[in-house]
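Worksheet: the structure to be examined is printed underneath.
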Amino acid sequence: MVHEMRPEDVLKVSETEQACFSDPWSLETIKEGIENPFDTWLVLEEDGAVKGYCVFRIIAGEAELFRIAILPEYRGGGLAKKLMERLAEYSKEKAVISIFLEVRESNKTAINLYKSYGFEQEGIRKNYYQNPSENAVIMRNNLI
Ligand SMILES: CC(C)(COP(=O)(O)OP(=O)(O)OC[C@H]1O[C@@H](n2cnc3c(N)ncnc32)[C@H](O)[C@@H]1OP(=O)(O)O)[C@@H](O)C(=O)NCCC(=O)NCCS
């Protein structure tokens, strides 16, 4: 089941963040994120366990996917696709015309996932990431 993040999910989302990223967001950032009316945090929960989440922002017909993560033990089973489907649904409902994102250049798994949803490389931001330093690939999906 995919549902919007509730206050009681914040800790589990933070643990997922810690398990999935070398430069994780703090618990405080996640807690505050829930207050932002432009941001949507979706939690993927099965059998009472939080297995992954994503967060995106929709403003003025444009969506930005900030994070998508599935706990390592649940990867490879199509769970990220469930979250991507929901991003597509929200985008349709809010008349989004373009979705973009940044991803580490070495993150071929995520790049494959995004390509399978029609995202294409738009550019590179040199040394955009830290811990470790790395280029970001900017990807975009023009929905119309
Ligand atoms: C990227 C991530 C979310 C994918 O989650 P997942 O649940 O394992 O992905 P799915 O099983 O739904 O696979 C979806 C697609 O991703 C790609 N993919 C998934 N695992 C892959 C792998 N090991 N190698 C290459 N491509 C892969 C494929 O395109 C796959 O589609 P397919 O099964 O039809 O070939 C997960 O690996 C993750 O949490 N990584 C760490 C966090 C991260 O890097 N997030 C992205 C940047 S914010």
Legend entry - Filter result for the condition that a residue is under 13 Å from the mean Cα position of the chain (by Cα) and under 18 Å from residue 1 (Cα atoms), over 70, 58: 70
Inset, instruction - Could you please tell me which pairs satisfy a Cβ distance under 9 Å, a separation of 6+ or placement on different chains, a first residue in the range 72-92 that is closer than 19 Å to residue 112 by Cβ, and a second residue that is modelled with pLDDT under 95 and in a loop (DSSP other than H, G, I, E, B)? - result: 88/143
Legend entry - Among residues of the range 123-144, those that are among the charged types (D, E, K, R) and surrounded by 14 or more Cβ atoms within 10 Å (Cβ to Cβ), counted: 2
Legend entry - Residues being more than 13 Å from the ligand (Cβ to nearest atom) and either at positive phi or touching a residue at least 40 places away in the same chain (Cβ under 8 Å) (or both) - total across the range 124-144: 9
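Within the range 100-120, identify whether any single residue is away from the ligand (no atom under 14 Å from the Cβ), of a type in the set (Val, Ile, Thr) and in a strand (DSSP E or B), and answer yes or no. Working first, answer last.
Taking the range 100-120 and keeping what is away from the ligand (no atom under 14 Å from the Cβ), we get 120.
Narrowing the set further to residues that are of a type in the set (Val, Ile, Thr) leaves none.
Scanning the range 100-120 turns up no residue that is away from the ligand (no atom under 14 Å from the Cβ), of a type in the set (Val, Ile, Thr) and in a strand (DSSP E or B).
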Inset, instruction - Looking only at the range 41-62, count how many residues are closer than 13 Å to residue 88 by Cα, open to solvent by less than 30 Å² (accessible area, probe 1.4 Å) and within 14 Å of the ligand (Cβ to nearest atom). - result: 4
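The values are calculated or read from the model by the stated rules, or taken from the named source; none is laboratory data. Here the structure is a predicted model, which is why all the values come from computation and not from measurement. Note: ideal-geometry Cβ built from the backbone for every residue, glycine included; neighbour counts use all protein chains shown. Ligands, DNA and RNA are excluded from the accessible area calculation, which covers all protein heavy atoms including side chains. Shrake-Rupley method; radii C 1.70, N 1.55, O 1.52, S 1.80 Å.
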